[in-house]
Amino acid sequence: MTARWVRGATGPQRIRIRRTACERQLPEVPASEAEARMIQLALAVLGDELVPMGLSEASALIDWLDGLDRKAAAVVPVPDGARLLEGTEQDQGVYRRGRDIYVVKLGPSGNLYAKRLLDENGDRVLDVVGEPVDPDDRPRFIRESAPGMAKRLTTADRLSLEDARQLMTRYGRCLYCSHKIGAAASVARMTGSVCKDRFAA
Ligand SMILES: [Zn+2]
């Protein structure tokens, strides 16, 4: 079966096909030959193949893609009693997921954004926390943008103040606001500080 070549799909059509095909759940088993062709074309566009496609065929493909269900968003497991962060002031804080530590704050637009804490040499802070440091020349931590992460953290991921203390002792700074803390004794006293609520009890 060869479609009669009239005029090729336009750039905007290909862009639209690519975007829609990304969002939609393509059928795993085609229901008809026509659908098999649609899937083949959609996958070709997604794979950046230069597949010959006429103007009307591209238009039919867009209509077909628009009729498909959207892909389910990646599901974040939320433990009992916890919830996803909501973008409120109280959700600002320091979180841990796996070996990564995130500082979550409200941005000017009113949305939460997350930054991953890394040691100044680029290692995860949790991977270097036990290493000895010179108290007069403490290492710094750096913050790396972690797009989308604030939407995948839950209230159960809050870093405990106990775990945070070790890190704050290493860097001599508050993980949340970067304020200098200095001596280990000050870190121990942090229970009464302004940032106490940014950690789990
Ligand atoms: Zn602080």
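The values are calculated or read from the model by the stated rules, or taken from the named source; none is laboratory data. Just so it is clear, the model here is predicted, and its values are computed rather than measured. Quick reminder, even Gly has a Cβ in these numbers, built from the backbone with ideal geometry, and neighbours come from all protein chains shown.
General observations
- Within region 88-104, being in contact (Cβ under 8 Å) with a residue 60 or more places away in the chain and not hydroxyl-bearing (Ser, Thr, Tyr) holds for 90, 91, 92, 93, 94, 96, 97, 101, 103.
- Looking only at region 139-177, and only at residues there that are under 13 Å from residue 119 (Cα atoms) and away from the ligand (no atom under 16 Å from the Cβ), the one that is modelled with the lowest pLDDT: 144
- Complete set of residues in region 51-80 that are modelled with pLDDT under 95 and in contact with a Ser or Thr (Cβ under 6 Å, 6 or more places away or on another chain): 78
- Any chance residue 125 is surrounded by 19 or more Cβ atoms within 10 Å (Cβ to Cβ) and at pLDDT below 90: no
- Checklist (1) over 19 Å from the mean Cα position of the chain (by Cα); (2) in contact (Cβ under 8 Å) with a residue 24 or more places away in the chain applied to residue 151, failing item: (1)
- Residue list for region 21-41, restricted to those being under 26 Å from the mean Cα position of the chain (by Cα), part of a helix (DSSP H, G or I) and at pLDDT 90 or above: 21
- Residues that are near the ligand (Cβ under 9 Å from one of its atoms) and modelled with pLDDT of 90 or more, drawn from region 178-201: 178, 198
- Residue count, region 53-77 (criterion: assigned to a loop (DSSP other than H, G, I, E, B) and surrounded by 13 or more Cβ atoms within 10 Å (Cβ to Cβ)): 2
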